[in-house]
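Have a look at the structure below, then the notes.
The values are calculated or read from the model by the stated rules, or taken from the named source; none is laboratory data. Given the structure is predicted, the values throughout are model-derived calculations rather than measurements. Cβ atoms come from the backbone with ideal geometry, glycine included; neighbour counts cover every protein chain shown. The area values use the complete protein model at the heavy-atom level, side chains included, leaving out ligands, DNA and RNA. Shrake-Rupley method; radii C 1.70, N 1.55, O 1.52, S 1.80 Å.
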Amino acid sequence: MTVRTDPAVASELVRASPAQLFEPVTIGSLAVPNRIVMAPMTRAFAIGGVPHEEFASYYRRRAEGGVGLIVTQGTWIGHPLASNNPGVPNFFGAKALGGWKRIADEVHAAGGRIIPQLWHVGLFTSARERLTPGSAPNGPSGLSPDGARLAEPMGQPDIDEVIEAFASGAVAARELGFDGVELHGAHGYLLDQFFWSKTNRRRDRYGGDLVARTRFAVEIVEEVKRRAGREFPVSLRFSQWKGQDYEARLFESPAELERWLAPLVAAGVDVFHCSTRRYWAAEFEGSDLNLAGWTKKLTGMPTITVGAVGLDREFTRRGELAQPAWLGPLLDRLARGEFDLVALGRPLIANPAWPELVARGAFDELQAYDPDQLKTLT
Ligand code: PHB
């Protein structure tokens, strides 16, 4: 099932000095022991919305393996239209929250930090099948990216309910002892549907130019901060690419990105988790900075990069075998201060102790990523 790294490749991997991955960093009020983040990844093993004991072992194992900050898989906020997959755990309700408390406790006992990712899919296309004529208003304009009318646009009461559900999730996270929260604002899900001009055709204050389209997320961040506390760290994950369209773009220039970021910084985002499918890709012409690099340069805020780190193949939803790849270019960028933290997904599925293996230069022990590894929660 798994494939060992070719010894010739392993000796190449060794050339990179990974020391800077192991320097501490702070995100707002949160001290993170190193730069390695576990990326949020869907693991649909919940039963009745509850993350059971195996989830606690799954996350604890990554903390024991040396991950500095775990961002949990996306979890459903307490809103009737948030979910498109019953196997994904809830972040509301006594039973699910009991499971999450155990996860936070076990990760902390292993010396890790952990924040849940709060998620609402909105009108993501894979949510289509649950839509029936007369189904509840959903999405900023009720539209799919190709312009099909799937539901009524969300009215102010719907918007208020979703803001409240995100804030309640953050309050629960704080009460359970989590180290912050991440808001899923990426990949074509609800927050991103407001950001994206194709899916947001509103004429009220939640629609219009790039800045107006941040208003919904801004109000969520503000309410999270008001209810969970100004000091409670908030990460915002965002992306140009969408699950339905890898080539989609919200920003065509650094100036556009800067205008979009400013209201989110003002609202209190503590760290931007800049989702790209290849961390080495230049975001705009004329500079080799990636999205996390530009975001840090334009705001001075901490940023997390992500995208095929340590692997020879970018993410696709289909899933493909991926071999360990040289970390040199990543470490050079980190050393230059282009971004502050580095998220890994698939390498941490294949190698729960990836940080520990890399710290001691045991590159020949790194396992390749194989989509079959997703069949169990280990
Ligand atoms: C997935 O389950 O494949 C998935 C979920 C959420 C994302 C990206 C991918 O943001």
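For the chain, what class follows from the C-alpha gyration tensor (a ≥ b ≥ c being the square roots of its eigenvalues): rounded when a/c is under 1.5, otherwise prolate if a/b is larger than b/c, else oblate? Prolate shape, in that a/c is at least 1.5 and a/b is the bigger ratio. Each of Thr72, Thr26 has its accessible area taken with a 1.4 Å probe; listed largest first, they run Thr26, Thr72. Calculated FRET efficiency, Arg230 to Asp209, Cβ-Cβ distance, R0 = 25 Å: about 0.30 to the nearest 0.05. Between Ala335 and Arg259, the simple label model (points 7 Å from Cα in the Cβ direction) yields a spacing of 3.8 nm. In a fully extended conformation the segment linking Arg149 and Arg249 would gain 33.8 nm over its present Cα-Cα distance, using 0.36 nm per residue. FRET efficiency for the Ala362 to Ser197 pair, using the beta carbon distance and R₀ = 35 Å, is estimated at 0.15. Of the peptides 258-268, 272-282, the ranking by mean beta-carbon count within 10 Å, highest at the top, reads 272-282, 258-268. Charging the Cβ of each Asp and Glu at -1 and of each Lys and Arg at +1, and nothing else, the dipole of segment 245-378 about its Cα centre rounds to 180 debye.
Each of Leu30, Leu366, Gly286 was scored by the projection of its Cα onto the charge dipole of segment 7-375, and the greatest displacement toward the positive side belongs to Leu30; charges sit on the C-beta of Lys, Arg, Asp and Glu. Taking each residue as 0.36 nm, the span from Glu175 to Ala109 lengthens on full extension beyond its C-alpha to C-alpha distance by 22.1 nm. Dipole size of segment 7-375 about its Cα centre, with +1 on Lys/Arg Cβ and -1 on Asp/Glu Cβ: approximately 400 debye, rounded to the nearest 20.
Element breakdown for segment 7-375 at a 1.4 angstrom probe: carbon and sulfur atoms account for 52% of the accessible area. Each DSSP beta bridge with both residues in the chain is either parallel or antiparallel, and the antiparallel ones are about 20%. Not counting ligands, DNA or RNA, and with a 1.4 Å probe, what is Ser287's accessible surface area in Å² rounded to the nearest 10? Result for Ser287: roughly 40 Å² accessible.
Could you point to the residue in Leu210, Ile220, Gly328 farthest towards the positive end of the chain's charge dipole, with +1 and -1 charges on the Cβ of Lys/Arg and Asp/Glu respectively? Result: Ile220.
Among the GluC sites (Glu not before Pro) within segment 186-255, those in coil by DSSP and having at most 16 neighbouring Cβ atoms inside 10 Å are Glu231, Glu247, Glu252. Annotation: Trp119 carries an accessible surface of approximately 20 Å², with a 1.4 Å probe and no ligand, DNA or RNA atoms counted.
Rounded to the nearest 500, the helix-only mean residue ellipticity at 222 nm of the chain stands at -9500 deg cm²/dmol, with each DSSP H run of n ≥ 4 adding -39,500 (n - 2.57). Rolling a 1.4 angstrom probe over the protein heavy atoms with all chains in place gives segment 7-375 an accessible area of 37 Å² per residue. Taking 0.36 nm per residue of separation and subtracting the Cα-Cα distance, full extension of the segment from Ala19 to Arg317 would add 104.1 nm. Computed over protein heavy atoms with a 1.4 angstrom probe, the accessible surface ordering of Thr214, Thr378, largest first, is Thr378, Thr214. Estimated at the nearest 10 Å², the accessible area of Tyr369 is 10 Å² with a 1.4 Å probe. With contacts taken as Cα pairs under 8 Å and at least 6 residues apart, the chain reaches a relative contact order of 20 percent.
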